[in-house]
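The values are calculated or read from the model by the stated rules, or taken from the named source; none is laboratory data. All values derive from a computational prediction rather than experimental measurement. We place every Cβ from the backbone using ideal geometry, glycine too, and count neighbours over all the protein chains shown. Quick note on the areas: whole protein, heavy atoms, side chains included, nothing else; ligands and nucleic acids left out. Shrake-Rupley method; radii C 1.70, N 1.55, O 1.52, S 1.80 Å.
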Amino acid sequence: MKRPRFLPDNFTLAMIATVIAASVFPCHGQGEIIFNNVTHVAVSLLFFLHGAKLSREAVVAGITHWRLHLLVMLCTFALFPLLGLLLKPVLTPLVTPDLYLGILFLCMLPSTVQSSIAFTAAARGNVPAAICSASASNLFGIFLTPLLVGLLTSAQMAGGSPLDSALQIALQLLLPFIAGQIARRWIGAWVERNKALTRVVDQGSILLVVYTAFSEAVGQGLWHEVSWATLAGLMVVNALLLGLVMFISAQAARRLGFNREDRIAIVFCGSKKSLASGVPMAKVLFAGGALGAVVLPLMLFHQLQLMVCAVLAQRYAKEVD
């Protein structure tokens, strides 16, 4: 039978099913540990395959693409906080003061790594540049996020361990990528012949991230701590922020003369916010405060950005196909 036009693609349907599954059957206890470990392995495998697939010339070109990286950094650490401040008169009627503080905190966080790169790859974008931009965003965010929080809010900050965070990023992401580059001489041709494998790992890692992140949100009482009206207000605020940043970053990339592959990397890397980095930072920066209200906007934004970017990546890929 011919697929109905109104029916979303299989990956989007899988995303919706994953969110429902995480809401009804969230992982917890030993299951949460297992899923987190599986997700860690899937993300590392993704970077290993990208390292084996990309030529050294492409990696060097990605590293030296400084104009693209600068634009992504400006979107992540300048445009987002500026919008959070300028939109305060619009946002405060929709949410409580504590939730608005959480929105500001969201705006100061670094970009995601694995989903930014996975979506860029799925959309046929500039993967080497996305790897460099997303990884650099997380490394710089270790220092920039606490600085921005101290400048723009009245939070009392405690000491942290930036070195441990940087080491964790390097071990999970950069080390497998380097290993893939080393193994390219032996398995590079095989990876090129089996591109479906990379696509499965791309999409599989996204689904795992969605399930584990949403399970954590549900486990913390996501559906019991706020009313439906407050939840709707947060979703409107998150959608407004995400839409504005994606539109502005896409227009800026086009006007600055970036090609299609670069524009895809800029949109996906510049519009994301990291839940994995944000929750540990919030526990340190807002210790003793309204931690739940601070983290809730980030949790919802994380789910929204994955859903929206999944659909957008499929549209980009269909244009190429």
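For K272, what residues show an amide H to amide H distance below 5 Å, using hydrogens built from the backbone and excluding near sequence neighbours?
T112
Cross-link partners among lysines for K318, C-alpha distance below 20 Å, same-chain residues fewer than 8 apart left out?
K2, K195
Accessible area, 1.4 Å probe, largest first: how do L13, L208 sort?
On the way: L13 65, L208 35 Å².
Largest accessible area first, the list is L13, L208.
Computed FRET efficiency, Cβ-Cβ of T230 and V41, R0 41 Å: what is it to the nearest 0.05?
Working: r = 37 Å, r/R0 = 0.90.
For R0 = 41 Å, the calculated efficiency reads 0.65.
Check the straight Cα-Cα distances from K88 and name the lysines below 22 Å, setting aside those fewer than 8 residues away within the same chain.
K272, K273
Can you compute 3J(HN,Hα) from phi for each residue in segment 108-121, using the Karplus curve 6.51 cos²θ - 1.76 cosθ + 1.60 with θ = phi - 60°, rounded to whole Hz and x for Gly and Pro?
So the Karplus estimates, Gly and Pro as x, are 9, 7, x, 6, 6, 10, 5, 6, 4, 6, 5, 5, 4, 5 Hz.
From the Cα gyration tensor of segment 16-94, with a ≥ b ≥ c the square roots of its eigenvalues, which class applies: rounded if a/c is under 1.5, or else prolate if a/b is larger than b/c, or else oblate?
Details: a/c = 3.30, a/b = 1.02, b/c = 3.25.
Oblate.
Describe numerically, in nm with one decimal, the distance between label points set 7 Å from Cα along Cα→Cβ at K283 and at L147.
Here the answer is 2.6 nm between the modelled labels.
What order do you get for 114-120, 73-79 when each peptide is scored by the mean count of other beta carbon atoms within 10 Å, highest first?
Details: 114-120: 29.1, 73-79: 21.0.
Descending mean neighbour count gives 114-120, 73-79.
Rounded to whole Hz and in sequence order, give me ³J(HN,Hα) for segment 140-145 from the Karplus expression 6.51 cos²θ - 1.76 cosθ + 1.60, θ = phi - 60°, writing x for Gly and Pro.
Computed from phi, the couplings for segment 140-145 are 5, x, 4, 9, 6, 4 Hz.
For labels at K88 and L13 in the simple 7 Å Cα→Cβ model, what's the distance in nm?
About 4.7 nm, to one decimal.
Just to verify a number: FRET efficiency for T96 and L244, C-beta to C-beta distance, R0 = 25 Å, to 0.05? Let's see the in-between values first.
Numbers: r = 22 Å, r/R0 = 0.87.
So the FRET efficiency works out to roughly 0.70.
Kirkwood Rh over alpha-carbon pairs of segment 61-151, then Stokes-Einstein at 20 °C and 1.002 mPa s: what D in µm² s⁻¹, rounded to an integer?
Values: Rh = 14.1 Å.
Taking Rh from Cα pairs, D becomes 152 µm²/s.
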